[in-house]
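Just passing along the structure, written as structure tokens.
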Amino acid sequence: MVLAFRCSPSTLHDWSGDALAVGLFSGDDGTAIRAALEQRYGIDLGQRLERRQFKAKPGECLTFEFPGANAASLVLVGLGAAADFGLDGLRRAAASAARAGAACGSGSLALALPVDGIDPEAAAMAMAEAVRLSLFADQRFKSEPEPRPLPSSVALLGLPESAGASLTTVAAVCSGVELARELVAAPPNVVTPQALADTAASIAASFGLELQVLERADCEALGMGSYLAVAQGSDLPPKFIHLTYRPSGPVTRRLALVGKGLTFDSGGYNLKTAGSQIEMMKYDMGGSGAVLGAMRAIAELRPEGVEVHMVVAACDNMISGGAIHPGAIVTASNGKTIEINNTDAEGRLTLADALVYASKLEPDAIVDLATLTGACLIALGEEIAGLWSPSDGLATALVSAAEQGGEALWRMPLRASYREGLKSGLADMKNTGPRPGGSITAALFLQDFVGPTIPWAHLDIAGTVWSDKGRGLDPAGATGFGVRTLVNWVLAGGMA
Ligand code: BES
Ligand code: MN
Ligand code: ZN
């Protein structure tokens with residue numbers, strides 16, 4: 001999507017163009033802006049708002065047309081009470097304004113939203129991100145795509161032109177989010193392990209990154225018995241994908257991003273049953289979508305000092321005569337033996353070997369993202385991803401990177417005593433603990449495959465990867481969750 005953004009010192013009094021979107025606080029807080037609009041359009045705004053019962057609640061939008069006038073479409077965007085308004089409110093307001101402004105069919109759109117007290121660069125980034133991401137639509141699988149009017153230029157009013165320097169970052173990040181959304185939304189017969197490898201190859205070719213794809217035999221040679229056990233039931237060959245960004249200057253930090261890449265999760269012989277949303281399990285590669293999207297953005301932005309490794313053990317979890325038996329015992333590449341008491345806890349089996357591989361790169365930090373457990377979706381819902389990390393520094397850095405990008409993380413406990421639940425009578429461990437605290441035992445399982453001295457964090461994005469109805473900046477469907485958090489964290493130096 002090509003949208004030209006510009007920071008403009010113009011105001012809602014003097015901007016000229018097609019559609020003007022203006023934010024209004026509820027109650028007395030909106031009085032000055034109301035007066036300015038009455039003057040500009042020569043109307044009794046109070047009367048019009050009353051007639052249409054506009055309360056200026058957050059997200060509420062109202063459009064007025066003034067044919068022939070400059071800024072002939074006026075979009076009013078509710079902001080709620082001024083005291084509750086901040087960067088997140090700005091993001092949501094920009095998204096609503098963009099949708100309403102686009103619906104007017106206007107070529108040039110201006111957003112006049114309150115930015116006082118917010119750092120101008122942060123405000124510009126939040127608004128531009130919100131506009132672009134909320135206008136995204138995926139029509140790849142329609143035989144006849146519907147024409148969609150999009151504004152060609154978007155002016156962010158009340159911001160100095162210098163704040164526009166950050167807008168190139170926004171464009172790269174949004175391309176990354178859009179890539180993640182397209183990968184996650186594509187069906188399992190399109191996004192296969194090979195397709196994920198092809199995506200990595202195309203990023204590598206476009207931006208000059210290094211790519212290594214390990215085939216089944218290579219993984220066997222490395223002893224990845226845990227990952228290959230999941231892959232063995234499928235007709236699609238597994239692809240172990242390692243994509244590397246190297247900065248042009250010296251490297252001060254080496255980071256690893258690991259993504260769960262199950263292009264379909266049937267559950268295996270512990271087959272998913274009715275109500276378990278088996279038909280949605282194309283999104284079980286959401287972690288790999290996020291790390292590929294982040295790599296695309298990082299590759300385009302070329303940050304200095306950080307070397308970034310992306311590792312994805314891609315496969316699908318299927319049933320066949322060759323599929324792994326429930327109860328099988330396998331050996332991971334760090335030598336640990338695992339009794340597979342549930343073939344539907346397959347993500348952690350693939351991540352185990354991916355984390356061992358990432359640890360061998362001796363990074364300064366590892367972050368993994370995975371649609372790992374239904375339990376996390378139940379605990380935190382659709383808007384918040386779970387974060388597990390033994391490192392306070394890494395957890396804090398990720399929470400603030402997420403906040404800066406409008407994504408929400410909540411730190412969950414790595415309670416060591418729950419490790420009991422993974423004890424096996426025969427092998428070193430089982431892959432599945434009891435149902436209570438299921439996302440915690442999943443995180444504890446992963447921890448056993450991370451080098452003991454490497455700061456590591458695990459993000460369970462099972463709830464946030466998809467939104468049936470759409471929310472905030474996310475249209476209904478794949479959200480691309482995780483890309484903004486990862487890119488912000490890497491651009492900030494990948495601190496742990
Ligand atoms: N991919 C699923 C987790 C999932 C479930 C993501 C629902 C999004 C929505 C994962 O592989 C899985 O099946 N987990 C099991 C683990 C259980 C067998 C211990 C689960 O959550 O039920
Ligand atoms: Mn599963
Ligand atoms: Zn899964």
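Spelling out what I want: for every residue of region 79-84, take phi, set θ = phi - 60°, compute 6.51 cos²θ - 1.76 cosθ + 1.60 (Karplus), and round to whole Hz; glycine and proline get x.
10, x, 6, 4, 5, 8
Moving on to the next point. Which residue, 10, 33, 278, has the largest displacement toward the positive end of the dipole of the chain when charges sit on each Cβ (Lys, Arg +1; Asp, Glu -1)?
Checking the options against the dipole of the chain, the answer is 278.
Something else: Can you work out ³J(HN,Hα) from phi for every residue in region 26-42, in order, using Karplus 6.51 cos²θ - 1.76 cosθ + 1.60 and θ = phi - 60°, giving whole Hz and x for Gly and Pro?
Listing the rounded values in order: 7, x, 5, 4, x, 4, 5, 5, 4, 5, 4, 5, 4, 5, 4, 9, x Hz.
Give the lysines reachable from residue 260 as a straight Cα distance under 25 Å; neighbours fewer than 8 places away on the same chain don't count.
Leaving aside lysines fewer than 8 places away in the same chain, those within reach of residue 260 are 239, 272, 282, 336, 360, 423, 430, 469.
With N set to the number of residues, divide the alpha-carbon radius of gyration of region 195-271 by 2.2 N^0.38 Å and report two decimals. Please list the in-between numbers first.
Details: Rg = 15.1 Å, N = 77, 2.2 N^0.38 = 11.5 Å.
Output field value: 1.31.
Something else: What share of the DSSP beta bridges in region 171-491 is antiparallel, in percent to the nearest 5? The partial results should precede the final answer.
On the way: 21 of 48 bridges.
The antiparallel fraction comes to roughly 45 percent.
Let me ask something additional. How much of the DSSP bridge set in region 1-135 is antiparallel, in percent, rounded to the nearest 5?
Numbers: 5 of 15 bridges.
Counting DSSP beta bridges with both partners in region 1-135, the antiparallel share is about 35 percent.
Also: Mind checking the full-extension length gain between residue 280 and residue 122? Use 0.36 nm per residue of separation minus the Cα-Cα distance, one decimal, nm. Each step should come with its number before you reach the end.
Numbers: separation 158, 0.36 × 158 = 56.88 nm, distance 3.51 nm.
Residue separation times 0.36 nm, minus the Cα-Cα distance, leaves 53.4 nm.
Would you work out if region 336-422 is rounded, prolate or oblate? Take a ≥ b ≥ c from the square roots of the eigenvalues of the alpha-carbon gyration tensor; rounded if a/c is under 1.5, else prolate when a/b is larger than b/c, oblate otherwise.
Working: a/c = 1.80, a/b = 1.27, b/c = 1.42.
Here region 336-422 falls in the oblate category.
Additional query: Work out, in µm²/s and without decimals, the Stokes-Einstein translational diffusion coefficient of region 358-485 at 4 °C, 1.567 mPa s, Rh from Kirkwood over C-alpha pairs. If you can, show how the numbers build up before the last one.
Working: Rh = 15.3 Å.
Value of D from the Cα-based Kirkwood radius: 85 µm²/s.
Could you please report the charge total around residue 364, scoring K, R as +1 and D, E as -1 over all other residues with beta-carbon less than 13 angstrom from its beta-carbon?
Charge balance in the 13 Å sphere: 0.
Compute the length gained on full extension between residue 70 and residue 57: take 0.36 nm times their separation in residues and subtract their Cα-Cα distance, giving the result in nm to one decimal.
Working: separation 13, 0.36 × 13 = 4.68 nm, distance 2.69 nm.
Roughly 2.0 nm would be gained on extension.
Using mean Cβ contacts within 10 Å as the protection proxy, how do 395-403, 287-295 order, highest first?
Working: 395-403: 20.1, 287-295: 32.9.
In descending order of packing, they fall as 287-295, 395-403.
Rounded if a/c is under 1.5, else prolate if a/b is larger than b/c, else oblate: which is the chain, with a ≥ b ≥ c the root eigenvalues of its Cα gyration tensor? Let's see the in-between values first.
Working: a/c = 2.17, a/b = 2.04, b/c = 1.06.
Cα axes put the chain in the prolate bin.
Just to verify a number: FRET efficiency for residue 220 and residue 189, C-beta to C-beta distance, R0 = 22 Å, to 0.05?
Working: r = 27 Å, r/R0 = 1.21.
Working from the Cβ atoms, E equals 0.25.
Once you put a point 7 Å from the Cα of residue 103 and another 7 Å from the Cα of residue 35, both along the Cβ direction, what distance in nm separates them?
Result: 3.1 nm between the two label points.
Can you give the angle from 0 to 90° between the axis of helix 438-447 and the longest principal axis of the chain, with both taken from C-alpha atoms, to the nearest 10?
Roughly 70 degrees, rounded to the nearest 10.
Sticking with this one: Please grab the % of Cα pairs in region 1-154 that end up more than 28 Å from each other.
Values: 1998 of 11781 pairs.
I get 17 percent for the Cα pairs in region 1-154 exceeding 28 Å.
Here's a follow-up. Out of residues 5 or more away from residue 369 or on other chains, whose amide H comes under 5 Å of its own, with H placed 1.01 Å from N in the peptide plane?
When sequence neighbours closer than 5 places are left aside, the close amide H contacts are 258, 259, 260, 459.
Could I ask something else about it? Helix 286-301: angle to the longest alpha-carbon principal axis of the chain, degrees 0 to 90, nearest 10?
60
Next question. Taking the Cα atoms only, what angle lies between the long axis of helix 167-185 and the longest principal axis of the chain, rounded to 10 degrees?
Tilt relative to the chain: about 50 degrees.
Would you mind putting 17-29, 170-182, 139-151 in packing order, based on average other-beta-carbon counts within 10 Å, highest first?
Numbers: 17-29: 21.4, 170-182: 23.8, 139-151: 10.8.
Packing proxy ranking, top to bottom: 170-182, 17-29, 139-151.
Quickly rank 412-421, 479-488 as a protection proxy: mean count of other C-beta atoms within 10 Å, highest first.
On the way: 412-421: 14.3, 479-488: 29.4.
My ranking of the peptides, most packed first, is 479-488, 412-421.
Now a separate question. Using θ = phi - 60° and the Karplus curve 6.51 cos²θ - 1.76 cosθ + 1.60, what whole-Hz ³J(HN,Hα) does each residue of region 142-151 get, with Gly and Pro shown as x?
Result, ordered by residue: 8, 5, 10, x, 7, x, 10, x, 10, x Hz.
Using the Cα centre of the chain as the reference point, and only Cβ charges (+1 on K/R, -1 on D/E), how large is the resulting charge dipole? Debye, rounded to the nearest 20. Each step should come with its number before you reach the end.
On the way: 38 positive and 52 negative charges, 73 e Å.
My answer is approximately 360 debye.
Calculate the length of the line joining the C-alpha centroid of region 36-93 to that of region 393-421, in whole Å.
Their Cα centres are 38 Å away from one another.
With point charges of +1 on the Cβ of Lys and Arg and -1 on the Cβ of Asp and Glu, referenced to the Cα centre of the chain, which listed residue (485, 252, 226) lies farthest in the positive direction of the dipole?
Checked the options; the winner is 226.
Since every read-out is calculated from the coordinates, none of them should be taken as a lab result. For clarity, every value in this text was computed on a predicted model and none was experimentally measured. FYI the Cβ positions are ideal-geometry reconstructions off the backbone, even for glycines, and counts take in every protein chain you see.
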